[in-house]
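I have placed the structure first, in the form of structure tokens, so that the comments after it can refer back to it.
The values are calculated or read from the model by the stated rules, or taken from the named source; none is laboratory data. Predicted, not measured: the structure shown is a model, and the values here were computed from it. In this analysis, Cβ positions are derived from the backbone assuming ideal geometry, glycine residues included, and neighbour counts consider all displayed protein chains.
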Amino acid sequence: MRSENRRVRAFVAVAALFSLTIYLYGAPLSLPLQQGALISPVSKSTEKFAYATFLRSSDLSGSGNLTDEGSLQSVLEDINFKSTRLLNYQIRHADRTRTRLEDVPFLVLVQSDAPQAQVVKLEAEGATIVVVEPIELPAGPHDELLSDSPYRELLTKLRIWQQVDYDKILYLDSDAFLLQDLDSIFLDSSLSTMSKTRTTSQTDSAEVMPPETYLMAASSDTRGRQSGWKEQEQHDHLCACFMLLSPSLALFDYYLSMLATLDAPLDSAHPEQDLLRHVHERHGSMPWKEISVQWSTGDSEDDGSRFKGAQSVHIESTTGENAVDGSWKTLVEEMEIFYVI
């Protein structure tokens with residue numbers, strides 16, 4: 001009898017320890033998700049999905065064949081590159097945020113002049129590298145403004161619409177930080193359903209016709225003033241930092257054609273974002289769908305309360321390693337240990 005009681009007590013102790021471990025290591029980074037948060041089981045789909053980002057390289061171009069150890073280290077410590085590595089780790093490996101979907105790659109678009117050391121490291125860590133060329137601007141009334149923009153390189157992000165091997169792509173800027181996995185967004189019918197292009201004066205006068213159907217869902221711009229068109233804190237403008245889209249060569253060609261028209265955006269501060277806002281304005285031929293802040297929100301410069309209950313955070317402030325209450329730095333350390341082991 002005593003032996004049996006000991007076995008029972010041992011079983012209860014092991015069960016309690018297991019439950020405690022699950023509680024401690026399975027607890028979310030942020031506060032518990034708010035009611036109605038966007039967590040749901042992901043069903044199987046016949047569509048091909050992908051996550052994607054764009055690695056900017058303009059500040060480091062031409063440094064592909066580095067021999068100086070200090071220069072090589074600076075390339076590998078570049079904040080854009082480190083953030084891209086972290087996003088790859090979160091989507092592919094981190095327990096809390098990794099994709100549970102089968103055969104869903106993380107695409108990293110890089111220009112052909114990207115430092116080779118960065119490309120090699122990302123490939124070694126499992127990212128799918130897509131080498132793309134900068135977009136040649138068509139002759140138009142505003143091409144000089146776009147060419148002179150310090151963010152001119154960001155137009156290359158439009159090449160995500162050329163990745164037609166995939167039915168739907170969730171694009172995130174490399175400074176996104178995940179708090180939960182984002183798989184369910186691919187099957188959220190309110191966001192992922194294709195829309196039909198409307199007939200408007202814009203499409204009637206277009207030299208290149210848009211496709212009959214399209215998908216453009218994006219988070220709203222919560223940063224305040226970014227271009228000359230908008231008032232601060234408006235949610236009528238999409239943010240090109242977090243987009244669910246369906247690749248389309250026809251839509252890509254339409255985007256390029258719009259850069260050459262008199263209707264092209266006059267503000268070149270964020271050329272790709274201004275273009276997408278123009279094409280997908282609310283009352284236009286291809287209005288965008290707004291992705292809730294529960295999927296993607298901006299970080300906060302105070303106590304981080306804005307991202308509690310969110311699935312991901314767009315790190316917009318200059319908090320650096322202390323971003324997301326220090327979780328960014330902690331996860332970078334976890335990532336480095338993971339790849340060493």
Would you list the helices (runs of 4 or more DSSP H) that sit entirely within segment 142-238 and hold 3 or more residues that are at pLDDT 90 or above?
-> 189-192
Residue check, Arg85 surrounded by 17 or more Cβ atoms within 10 Å (Cβ to Cβ), touching an Asp or Glu at 6+ places or on another chain (Cβ under 7 Å), at pLDDT 55 or above and not hydroxyl-bearing (Ser, Thr, Tyr) | yes
Quickly run through segment 252-298 and pick out the residues that are of a type in the set (Gly, Ala, Ser), surrounded by fewer than 18 Cβ atoms within 10 Å (Cβ to Cβ) and at pLDDT below 85.
-> Ala260, Ala269
Answer yes or no: is there a residue in segment 45-56 that is under 25 Å from Ser327 (Cβ atoms), out of contact with any strand residue (DSSP E or B) (no Cβ under 8 Å at 6 or more places or on another chain) and at pLDDT 95 or above.
-> no
